[in-house]
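Shown next, in C-alpha cells, is the structure this report addresses.
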Amino acid sequence: MKLQIKDIFNKELPADPVLENTRRQVKSACFSYVTPKKTSKPKLLHVSPDMLKNLGLTEEDSKSEVFLNVFTGNKVLPNTKPYAMCYAGHQFGNWAGQLGDGRAINLAEVEHNNKSWVLQLKGAGETPYSRTADGLAVLRSSIREYLCSEAMHHLGVPTTRALSLSLTGDEVLRDVMYNGNPDYEKGAIVCRVSPSFLRFGNYEIFAARQDHETLKTLVDFTIKHHFAHLGNPSKETYLAFFNEVTQRTLNMIIEWQRVGFVHGVMNTDNMSILGLTIDYGPYGWLEGFDFGWTPNTTDSEHKRYRYGNQPNIGLWNLYQLANALYPLVEEVEPFETILNQYKTDFDIKSLNMMRSKLGLEKEHEADKLLIQDLEDNLLFTETDMTIFFRTLSDFDKDNSLEGLSVISDAFYVPTEISDSIRQKWNEWFGRYATRLQEESLSNSERKEKMNAVNPKYVLRNYMAQLAIDEADKGNYELIDELFNLLKNPYTEQPEQQKWFAKRPEWARHKVGCSMLSCSS
C-alpha cells in the first residue's frame, strides 16, 4: 500500500511540548502528538471505492493486512506522527472552553492528483482532549457517520468524506439516551477524510486566551494552504478570508435546506472553516416537513438547532468567528458588512434554491409569496418533504386539478385532508400552474431539472437504524445496499423503490429513528 505522505499541519504549526497522553489544558499549541489505541480484533466492514481512488489506492490495497492495521489504529504509517487538534467552541450558545479532538486522531496527510487529504480515525482512543470520555466510538454511530458523509457528497452537499468502516473487536460502554442505563456495544472506527478538519473553534481558542501570536500563525497557515488565491497575509486578506468562509458556510446551509438535512449539533466546534458538513452526530432528514424539527434529544427543549433555524445559527457562529479574527484586523465595520451581506445573500439564495425545487427558471416578483403559501400548506398535515418534492415533478401544468392526487403519497394521514385543506391545495396548484405557463420548459424538461435537485433517496434515520440492527446481528449486507443506493440519490433505481417510502409507523418514536442523543 503506497500513499504519498505530505504532512504540513504537524510540521508547520506549534506542537504541544508535553508528550504524555493525559487530559490537560494545552496552551500555545495547535495540536498534541498521540498514538491511536491498538484494537484487539479488527475487521473491515466497508470501504468507499471513490475515496480509495482519491487517495491513489486500489481495491487490492484495501484487502491488505497493512490497510486493516493502519485504519484500525494498530499500525502507524512510516515517517508519520499522528496527532489530535486543539480547539474550543460554543456549545448550544454557551462558551465551553477547550474541547479538541476527544476521539479523533489525525494519522497523516496524503497528496494525490494535486489534491491533499487528511486521514483521521474517529474512535481511535483517548487524547489529551478527551476530558472524561474514553475516546472510542460504537458501531451504530460509526455506521451513521460512514453512510451519511458519503451520501451527502453524492447529494451535492459540501462534506467531509469517509474511507472505511471497521469493527475494533472491543466492547464499549455507552448510555444511549443519557438516562442512567449504560450498556456494552460493539466498538468501531471510521476513517474520515477531508482537505482539512479545521473548525471555527480552532481559532476561537487562541482569541479567547489572547494568544494572538498563535492565532496569527494558524490563520496564516490556513490561508497559505487552503485559501492561497487570496494572497499574502494582510488585514485585507484576513477580511477576504472571513468573507469566503462566510459564503461557503451559507452555501453549505442552503444545500442542507434543499435536501431537508438537519445537522443537529451546530456548535462552533462543529463548523468547518472550509464550509464542509462535519461531525455527523444526531443528524436527521425531515420526514414530515417541519421548520421546528430537530433530531437531537439534548436540544429537545429549546430546539436551537431546528431545521428552520440553521441559517440563523450559521450566522451566529460566523459572529463568533469574526470575534476570534478581530485581533488580526482591529476594525469592526468590515466584519459587520460581511455579516450583513450574509443576511441579504441568504434571502436571495434561499429563494433561488426553492425556485429550482419548483422547476422555475425565470424570476418573478410573486414567487416569494407562492413559496411561502406552499410552505404553509405543507404544515396543514404531516407531509413527507422528500416524497412531496420528488413527485411534484410529475405535475402537469395544463391540468392543475390533478395536483393533489399527484403528490398524495406524501401525506402521512390522507384522511386528515379536509375540504378546507383540499381547497387551499387546489388554489395553490392553480397558481403554480399559471406560474409554470410563463416558463419555456415543457413538462418533461421541467421534470428532468426538478429531479436533479429533489432527491428520490436520502438516508432516513429508520434506514440507518435497520442497517445498524442488522449489523448488531453480524449481517453487514444492508450497509452495502444503502451505500450503493445513496451513490445515485437522484436516479429512479426502480429495483430500490422500497426505499422511496415514508417513515414506517414503527419508527415514529423508536430510539435512533426519530430522536438521537449526542452519543448516537
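Here are the numbers for the structure shown:
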{"read-out": "Spans of strands (runs of 3 or more DSSP E) in segment 104-213 with at least 2 residues over 22 Å from residue 90 (Cβ atoms) and among the acidic types (Asp, Glu)", "value": "104-112, 161-174, 183-194"}
{"read-out": "Residue in segment 6-26 that is open to solvent by less than 70 Å² (accessible area, probe 1.4 Å), touching a Pro at 6+ places or on another chain (Cβ under 9 Å) and either acidic (Asp, Glu) or at pLDDT below 95 (or both) present", "value": "yes"}
{"read-out": "Matching residues, segment 369-394, being farther than 15 Å from residue 288 by Cα, among the acidic types (Asp, Glu) and part of a loop (DSSP other than H, G, I, E, B)", "value": "394"}
{"read-out": "Residue 245, sole failed condition from (1) under 17 Å from residue 160 (Cβ atoms); (2) assigned to a helix (DSSP H, G or I); (3) open to solvent by 10 Å² or more (accessible area, probe 1.4 Å)", "value": "(3)"}
{"read-out": "Failed criterion for residue 388 (all others in (1) out of contact with any Leu (no Cβ under 8 Å at 6 or more places or on another chain); (2) surrounded by 13 or more Cβ atoms within 10 Å (Cβ to Cβ) hold)", "value": "(1)"}
{"read-out": "Test: residue in segment 478-487 that is open to solvent by 60 Å² or more (accessible area, probe 1.4 Å), touching a residue at least 40 places away in the same chain (Cβ under 8 Å) and over 30 Å from residue 513 (Cβ atoms)", "value": "no"}
{"read-out": "Any hit, segment 417-434, residues being polar (S, T, N, Q) and in a loop (DSSP other than H, G, I, E, B)", "value": "yes"}
{"read-out": "Members of segment 391-420 found to be among the polar types (S, T, N, Q) and either at pLDDT 95 or above or open to solvent by less than 60 Å² (accessible area, probe 1.4 Å) (or both), listed by number", "value": "391, 393, 399, 400, 405, 408, 418, 420"}
{"read-out": "Output for segment 334-362, where each listed residue is open to solvent by less than 40 Å² (accessible area, probe 1.4 Å) and closer than 25 Å to residue 202 by Cα", "value": "334, 335, 338, 339, 342"}
{"read-out": "Enumeration of residues in segment 97-126 that are open to solvent by 40 Å² or more (accessible area, probe 1.4 Å) and closer than 18 Å to residue 265 by Cβ", "value": "103"}
{"read-out": "Among residues of segment 280-314, those that are free of Cβ contacts under 8 Å to residues at least 40 places away in the same chain and either closer than 26 Å to residue 120 by Cα or assigned to a helix (DSSP H, G or I) (or both), counted", "value": "3"}
{"read-out": "Scope segment 294-342; condition at pLDDT below 95 and small (Gly, Ala, Ser); matching residues", "value": "300"}
{"read-out": "Residues (open to solvent by 30 Å² or more (accessible area, probe 1.4 Å) and either closer than 23 Å to residue 217 by Cβ or of a type in the set (Lys, Arg) (or both)) located in segment 321-333", "value": "323, 326, 327, 330, 331"}
{"read-out": "From 68, 77, 44, residue being in contact (Cβ under 8 Å) with a residue 12 or more places away in the chain, assigned to a loop (DSSP other than H, G, I, E, B), touching a Leu at 6+ places or on another chain (Cβ under 8 Å) and open to solvent by 10 Å² or more (accessible area, probe 1.4 Å)", "value": "77"}
{"read-out": "Residue within segment 193-201 that is among the hydrophobic types (A, V, I, L, M, F, W, C) and over 24 Å from residue 299 (Cβ atoms) present", "value": "yes"}
{"read-out": "Every pair of residues 6+ apart whose Cβ atoms lie under 8 Å, when the first sits in segment 408-427 and is over 21 Å from residue 386 (Cβ atoms) while the second is open to solvent by 100 Å² or more (accessible area, probe 1.4 Å)", "value": "426/401"}
{"read-out": "Residue in segment 220-229 that is surrounded by fewer than 16 Cβ atoms within 10 Å (Cβ to Cβ) and aliphatic (A, V, I, L, M) present", "value": "yes"}
{"read-out": "Per-region count, segment 327-345, residues in a helix (DSSP H, G or I) and farther than 15 Å from residue 245 by Cβ", "value": "6"}
{"read-out": "Counted residues, segment 267-279 - those being in contact with a Lys or Arg (Cβ under 9 Å, 6 or more places away or on another chain) and assigned to a strand (DSSP E or B)", "value": "2"}
{"read-out": "Test: residue in segment 115-123 that is within 30 Å of residue 309 (Cβ to Cβ), modelled with pLDDT of 95 or more and polar (S, T, N, Q)", "value": "yes"}
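The values are calculated or read from the model by the stated rules, or taken from the named source; none is laboratory data. Bear in mind the structure is a predicted one, so any value in this text is a computation, not a measurement. Cβ: placed from backbone, ideal geometry, glycine included. Neighbour counts: every protein chain shown. Calculation scope for accessible area: heavy atoms of the full protein, side chains included, ligands and nucleic acids excluded. Shrake-Rupley method; radii C 1.70, N 1.55, O 1.52, S 1.80 Å.
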